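Just so you know, all these numbers are worked out from the coordinates, no wet-lab data involved. Remember, predicted model here, so these are calculated numbers, not experimental data.
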Amino acid sequence: MLKEFTELDAWKEARDLVNTIYKIAKNDLFSKDYGLRDQIQRAAVSIMSNIAEGSAAKSYLEFIRFLVISRRSSNELQSLLFVAFDQKYINEKEFDLSKNQAIRVSQIINGLIRYLKEKNEITNKRNNE
């Protein structure tokens, strides 16, 4: 449908975010809070995985649905980062870095959603002519 998922900027940025999350989740206190650690890692992986899965969709609208799930996972991740910061599992620098990465991923996803909506409209117009 589009590029290979590994070529999408949204996926590349999400991959970087996953690596950041896994790195900070290894911190001593954080690594012992199994519930929060696992949930924050799952949220990060969900962002990346849904972009990859959606890229194989058969329609623009189906891909958009997967991207919306990715964006929701990014919001979940950002919320979980506040928990980690409030519990002093991560410092302010780690919090800011990872939160800003998650925001950046969401922005890229939003741009990709807009692009796909436009492509879908163009395709629909052509099919109706």
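Classify the range 1-44 as rounded, prolate or oblate, taking a ≥ b ≥ c as the square roots of the eigenvalues of its Cα gyration tensor: rounded when a/c is under 1.5, otherwise prolate if a/b is larger than b/c and oblate if not.
On the way: a/c = 5.77, a/b = 2.82, b/c = 2.05.
Prolate, since a/c reaches 1.5 and a/b exceeds b/c.
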In degrees, nearest 10, the alpha-carbon axis of helix 9-24 is tilted away from the dominant principal axis of the alpha carbons of the chain by 10
Under 12 Å from the Cα of Lys12, which aspartates and glutamates turn up, not counting those fewer than eight places away in the same chain?
-> Glu4
What angle do you read, to the nearest 10 degrees and between 0 and 90, between the alpha-carbon axis of helix 60-86 and the longest principal axis of the chain?
-> 10
Counting all C-alpha pairs of the chain, share separated by more than 22 Å (%) = 38
Measure nothing fancy, just the Cα-based angle from helix 92-128's long axis to the longest principal axis of the chain, in degrees from 0 to 90, nearest 10.
-> 10
